[in-house]
Amino acid sequence: MAGLVDTVPPPTTLLTPLGVYRPQADTFLLAQALCGEQLSTGAEVLDLGTGNGTLAICAARQGARVTAIDISWRAVLTTRLNALRSGQRLTVRHGDLLGSVPDRSVDLVVSNPPYVPTPASHRPGVPGAERAWNAGRDGRAVLDRICADAPRVLRPGGVLLMAQSGLSDIEETLVRLARCGLRPAVSDRAYIPFGPVLRSRLPWLRESGLVGEREENEELVIIRAERTSSES
């Protein structure tokens, strides 16, 4: 198995301008899971919501043929530049999740989507830095779309790897993916202190019942879902 150190570019080597999601704990937890898949040379990978391209470059370093997609033009241009700086060949497209790759089939879909529960005053999808994490009141505005659409592009034996927070209903993700014919499970998890975004929303999160009065850590998980047959 390729080592994490060998496949994931150090954060200092990748550009992350303002307005592009900066890799952090969820990115690196997902990168570790991606390395564990032992991708074969030439495997086809989709990276949905690529940000600065960290995960796409990780997959390319394992010999995969990678298409990276982001709705942000700034992220698209950043990923193209980071791929060039890293010496990796990527196809980078501007688009909204799988809408830019119709009729595509792949071996693996990887995504670190927006999943942070968001007050009504912060609408998901509005251009700007917050689009990378704002995901509606229940945190599922993008998660539910991926659960519905990703299974149709996976080949038999294909895998979806996706990060999310415990605040956005892990069980709901597992149920939705199972309904689509995948075999989902939580393959990894970590607990980290609330970051700046969650700390700024703590009064609302506690009032909404999403965070307990004494909670100080966020649960991050990796969902791994495999397509086990040609039927979905």
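The values are calculated or read from the model by the stated rules, or taken from the named source; none is laboratory data. The structure presented is a predicted model; accordingly, all values stated were derived computationally and were not measured. With ideal geometry, Cβ positions are generated from the backbone for all residues, glycine too; neighbour counts draw on all protein chains shown. When the accessible area is computed, the model is the full protein with side chains, heavy atoms only, and any ligands, DNA or RNA have been set aside. Shrake-Rupley method; radii C 1.70, N 1.55, O 1.52, S 1.80 Å.
Just a few scattered comments:
- Residue order by solvent-accessible surface for Asp103, Asp138 is Asp103, Asp138, largest first, with ligands and nucleic acids left out and a 1.4 Å probe.
- Distance between the pseudo-spin-label points of Glu219 and Arg93 (7 Å out from Cα toward the beta carbon): 3.5 nm.
- Each Lys and Arg adds +1 at its Cβ and each Asp and Glu adds -1 at its Cβ; summed about the Cα centre, the chain shows a dipole of about 620 debye.
- Cα gyration tensor shape for the stretch 150-215, rounded if a/c is under 1.5, else prolate or oblate: prolate
- Farthest towards the positive end of the charge dipole of the chain, among the residues Pro114, Thr228, Leu198, is the Cα of Pro114, using unit charges on the Cβ of Lys, Arg, Asp and Glu.
- Portion, in percent, of the accessible area of the chain that falls on carbon or sulfur, probe 1.4 Å: 51 percent
- Distances between placed amide hydrogens fall under 5 Å for Ala68 paired with Asp47, Thr91, Val92, Arg93, all partners being 5 or more residues away or on another chain.
- Percentage relative contact order, the chain, counting C-alpha pairs under 8 Å, at least six apart: 18 percent
- Ile192 contributes about 40 Å² of solvent-accessible surface, heavy atoms of the protein only, 1.4 Å probe.
- Listed residues Ala185, Gly212, Ala129: farthest to the positive end of the dipole of the stretch 39-227 (Cβ charges): Ala129
- Ordered from largest to smallest accessible area (heavy atoms of protein chains, 1.4 Å probe), the residues Tyr191, Tyr21, Tyr115 come out as Tyr191, Tyr21, Tyr115.
- Modelled FRET efficiency - R0 25 Å, Ser40 with Asp149, Cβ distances, 0.05 increments: 0.55
- Protein heavy-atom accessible surface, 1.4 Å probe, per residue over the chain: 47 Å².
- Take each peptide in 154-165, 205-216, 87-98, 48-59, count the other Cβ atoms within 10 Å of every residue, and average; sorted highest first, the result is 48-59, 154-165, 87-98, 205-216.
- Residue-by-residue Karplus 3J(HN,Hα) for the stretch 102-109, coefficients 6.51, -1.76, 1.60, Hz, glycine and proline x: x, 6, 9, 10, 9, 8, 8, 10
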